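For reference, the structure discussed in these notes is given below.
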Amino acid sequence: AALSTDAVAAAVMGFDARAPHYTAPFETRENHFLIAEQAGGAMHAMQMAADYARTRFQFGRAIGSFQAVKHMCAEVFAEVEPVRSLMWYAAFAWDERQADAPAMAALLKSHATEVATEAVTTCVQVYGGMGFTWECDVHIWFKRAMFDRLWLGAPELHRERFAALEGW
(Lines give C-alpha, C1' and ligand atoms only; values in the text may rest on other atoms or scores of the structure.)
Protein backbone atom coordinates (compact mmCIF):
# COMPACT_ATOMS: atom_id res chain seq x y z
CA ALA A 1 0.00 0.00 0.00
CA ALA A 2 1.18 3.49 -0.84
CA LEU A 3 0.22 6.64 0.98
CA SER A 4 0.29 9.97 -0.84
CA THR A 5 -0.31 13.41 0.60
CA ASP A 6 0.08 15.38 -2.63
CA ALA A 7 -3.57 16.47 -2.86
CA VAL A 8 -4.14 17.03 0.85
CA ALA A 9 -4.74 20.57 2.09
CA ALA A 10 -2.46 21.51 4.95
CA ALA A 11 -1.68 24.53 7.09
CA VAL A 12 1.67 25.39 8.61
CA MET A 13 1.59 25.16 12.40
CA GLY A 14 3.91 27.02 14.72
CA PHE A 15 6.26 29.69 13.52
CA ASP A 16 9.24 29.93 11.24
CA ALA A 17 12.11 31.80 12.87
CA ARG A 18 13.30 32.90 9.44
CA ALA A 19 10.05 34.77 8.74
CA PRO A 20 10.38 38.02 10.74
CA HIS A 21 7.03 39.31 9.49
CA TYR A 22 5.27 36.53 11.37
CA THR A 23 4.90 37.21 15.07
CA ALA A 24 2.30 34.91 16.53
CA PRO A 25 0.43 36.66 19.36
CA PHE A 26 -0.61 33.31 20.84
CA GLU A 27 2.96 32.09 21.10
CA THR A 28 4.16 35.39 22.52
CA ARG A 29 1.45 35.36 25.19
CA GLU A 30 2.05 31.71 26.00
CA ASN A 31 5.78 32.39 26.26
CA HIS A 32 5.03 34.94 28.99
CA PHE A 33 3.16 32.33 30.99
CA LEU A 34 5.94 29.84 30.50
CA ILE A 35 8.61 32.40 31.44
CA ALA A 36 6.75 33.16 34.67
CA GLU A 37 6.54 29.45 35.44
CA GLN A 38 10.24 28.97 34.76
CA ALA A 39 11.25 31.95 36.88
CA GLY A 40 9.03 30.81 39.74
CA GLY A 41 10.18 27.21 39.45
CA ALA A 42 13.84 28.23 39.42
CA MET A 43 13.32 30.44 42.47
CA HIS A 44 11.48 27.66 44.28
CA ALA A 45 14.19 25.12 43.45
CA MET A 46 16.82 27.54 44.72
CA GLN A 47 14.87 28.05 47.95
CA MET A 48 14.49 24.28 48.38
CA ALA A 49 18.23 23.79 47.92
CA ALA A 50 19.06 26.55 50.41
CA ASP A 51 16.62 25.15 52.99
CA TYR A 52 18.00 21.66 52.56
CA ALA A 53 21.58 22.93 52.88
CA ARG A 54 20.66 24.58 56.20
CA THR A 55 19.05 21.45 57.64
CA ARG A 56 21.24 18.62 56.27
CA PHE A 57 24.19 17.87 58.53
CA GLN A 58 27.35 16.08 57.47
CA PHE A 59 30.68 15.88 59.29
CA GLY A 60 29.09 17.55 62.30
CA ARG A 61 27.86 20.71 60.56
CA ALA A 62 25.24 21.90 58.07
CA ILE A 63 26.26 21.33 54.45
CA GLY A 64 25.27 24.93 53.78
CA SER A 65 28.30 26.00 55.78
CA PHE A 66 30.63 24.47 53.17
CA GLN A 67 31.96 27.03 50.74
CA ALA A 68 31.19 24.98 47.62
CA VAL A 69 27.52 24.64 48.55
CA LYS A 70 27.28 28.33 49.46
CA HIS A 71 28.69 29.31 46.08
CA MET A 72 26.34 26.98 44.21
CA CYS A 73 23.31 28.54 45.89
CA ALA A 74 24.61 32.09 45.46
CA GLU A 75 25.32 31.58 41.76
CA VAL A 76 21.81 30.28 41.16
CA PHE A 77 20.33 33.27 42.98
CA ALA A 78 22.49 35.64 40.91
CA GLU A 79 21.15 34.03 37.73
CA VAL A 80 17.48 33.75 38.73
CA GLU A 81 16.87 37.22 40.14
CA PRO A 82 17.54 39.12 36.85
CA VAL A 83 15.16 36.74 35.04
CA ARG A 84 12.39 37.86 37.36
CA SER A 85 13.07 41.51 36.52
CA LEU A 86 13.21 40.79 32.80
CA MET A 87 9.99 38.80 33.11
CA TRP A 88 8.23 41.85 34.54
CA TYR A 89 9.53 44.03 31.70
CA ALA A 90 8.45 41.51 29.05
CA ALA A 91 4.97 41.35 30.61
CA PHE A 92 4.82 45.17 30.65
CA ALA A 93 5.89 45.31 26.99
CA TRP A 94 3.21 42.80 26.06
CA ASP A 95 0.51 44.56 28.10
CA GLU A 96 1.36 47.96 26.63
CA ARG A 97 1.60 46.53 23.08
CA GLN A 98 5.13 47.78 22.63
CA ALA A 99 6.94 46.96 19.42
CA ASP A 100 9.64 44.94 21.17
CA ALA A 101 7.19 42.60 22.96
CA PRO A 102 7.56 39.62 20.56
CA ALA A 103 11.34 39.98 20.52
CA MET A 104 11.51 40.24 24.32
CA ALA A 105 9.30 37.16 24.70
CA ALA A 106 11.55 35.16 22.36
CA LEU A 107 14.77 36.31 23.98
CA LEU A 108 13.54 35.84 27.52
CA LYS A 109 12.05 32.41 26.78
CA SER A 110 15.49 31.22 25.66
CA HIS A 111 17.28 32.82 28.62
CA ALA A 112 14.73 31.81 31.27
CA THR A 113 14.85 28.25 29.98
CA GLU A 114 18.62 28.08 30.38
CA VAL A 115 18.50 29.62 33.86
CA ALA A 116 15.68 27.35 35.06
CA THR A 117 17.50 24.28 33.76
CA GLU A 118 20.68 25.31 35.56
CA ALA A 119 18.80 26.15 38.76
CA VAL A 120 17.04 22.80 39.07
CA THR A 121 20.22 20.93 38.12
CA THR A 122 22.08 22.74 40.89
CA CYS A 123 19.24 21.99 43.30
CA VAL A 124 19.54 18.28 42.51
CA GLN A 125 23.30 18.51 43.09
CA VAL A 126 22.83 20.16 46.49
CA TYR A 127 20.46 17.36 47.46
CA GLY A 128 22.96 14.79 46.24
CA GLY A 129 21.64 11.31 45.49
CA MET A 130 18.47 12.17 47.40
CA GLY A 131 17.51 14.64 44.64
CA PHE A 132 16.62 11.86 42.21
CA THR A 133 14.48 9.84 44.61
CA TRP A 134 10.73 9.93 45.12
CA GLU A 135 11.28 10.89 48.75
CA CYS A 136 11.69 14.58 47.96
CA ASP A 137 10.02 16.84 45.40
CA VAL A 138 13.16 18.00 43.61
CA HIS A 139 12.63 15.51 40.80
CA ILE A 140 9.24 17.10 40.04
CA TRP A 141 10.81 20.52 39.50
CA PHE A 142 13.61 18.97 37.47
CA LYS A 143 11.17 17.19 35.17
CA ARG A 144 9.05 20.31 34.82
CA ALA A 145 12.07 22.41 33.85
CA MET A 146 13.06 19.83 31.23
CA PHE A 147 9.51 19.85 29.84
CA ASP A 148 9.37 23.66 29.80
CA ARG A 149 12.70 23.71 27.98
CA LEU A 150 11.08 22.24 24.88
CA TRP A 151 7.52 23.46 25.22
CA LEU A 152 6.77 26.13 22.59
CA GLY A 153 10.26 25.70 21.14
CA ALA A 154 13.76 25.03 22.36
CA PRO A 155 15.99 27.95 23.40
CA GLU A 156 17.90 27.79 20.11
CA LEU A 157 14.70 28.31 18.13
CA HIS A 158 13.77 31.36 20.19
CA ARG A 159 17.23 32.84 19.75
CA GLU A 160 16.80 32.44 15.99
CA ARG A 161 13.38 34.06 16.23
CA PHE A 162 14.80 36.95 18.25
CA ALA A 163 17.57 37.48 15.70
CA ALA A 164 15.07 37.41 12.84
CA LEU A 165 12.75 39.89 14.60
CA GLU A 166 15.69 42.23 15.24
CA GLY A 167 16.89 41.94 11.64
CA TRP A 168 20.16 40.18 12.39
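Summing +1 for each Lys or Arg and -1 for each Asp or Glu among the other residues whose beta-carbon sits under 12 angstrom from that of residue 145 gives -1. When 95, 51, 137 are compared by accessible area at a 1.4 angstrom probe, the order from most to least is 95, 137, 51. Placing unit charges on the Cβ atoms of the charged side chains and taking the dipole of segment 89-148 about its Cα centre, the candidate lying farthest along the positive direction among 125, 146, 113 is 146. Counting only Cβ charges, +1 for Lys and Arg and -1 for Asp and Glu, the dipole size of segment 64-168 around its Cα centre is about 140 debye.
Helix 25-55 against the longest principal axis of the chain: what's the angle in degrees, Cα atoms only, rounded to the nearest 10? The answer is roughly 10 degrees. Please determine, in degrees from 0 to 90 and to the nearest 10, the orientation of helix 138-150 with respect to the longest principal axis defined by the Cα atoms of the chain, where the helix direction is its Cα long axis. Between the helix axis and the principal axis of the chain, the angle is about 20 degrees.
The residues of segment 17-163 present an accessible area of 55 Å² per residue when probed at 1.4 Å with all protein chains retained. Over segment 54-120, the fraction of Cα-Cα pairs per 10 Å bin, rounded to whole percents and listed from the shortest bin up, is 19, 34, 23, 14, 8, 1. Measuring nothing but protein heavy atoms, the accessible surface of the chain at 1.4 Å probe radius is 62 percent carbon and sulfur. Extension gain for the segment residue 143 to residue 54, taken as residue separation times 0.36 nm less the Cα-Cα distance, is 29.6 nm to one decimal.
So, R0 is 45 Å and r is the distance between the beta-carbons of residue 65 and residue 5; what FRET efficiency does that work out to, to 0.05? List each step's numbers first, then the result.
Details: r = 63 Å, r/R0 = 1.40.
My answer for the efficiency is 0.10.
Please name which of 99, 31, 43 has its Cα lying farthest along the dipole of the chain towards the positive end, using unit charges on Cβ (Lys, Arg +1; Asp, Glu -1) and the Cα centre as origin. Farthest towards the positive end: 43.
Counting only Cβ charges, +1 for Lys and Arg and -1 for Asp and Glu, the dipole size of segment 113-166 around its Cα centre is about 100 debye.
The modelled label-to-label distance between residue 132 and residue 114, using points 7 Å beyond Cα along the C-beta direction, is 2.6 nm.
The long axis of helix 155-165 is offset from the longest Cα principal axis of the chain by roughly 50 degrees.
Which of the following values of Cα extents along the principal axes in Å was calculated from the structure shown: (1) 71, 51, 25; (2) 59, 31, 27; (3) 45, 34, 30? Given (1) 71, 51, 25; (2) 59, 31, 27; (3) 45, 34, 30, the structure-derived one carries the label (1).
Of 85, 110, the order by accessible heavy-atom surface (1.4 Å probe, DNA, RNA and ligands excluded), from most exposed downward, is 85, 110.
The values are calculated or read from the model by the stated rules, or taken from the named source; none is laboratory data. Please read these numbers as outputs of a predicted model, since none were measured by experiment. Neighbour counts run over all protein chains shown; Cβ positions are idealised from the backbone, glycine included. Only protein heavy atoms, including side chains, enter the accessible area calculation; ligands, DNA and RNA are left aside. Shrake-Rupley method; radii C 1.70, N 1.55, O 1.52, S 1.80 Å.
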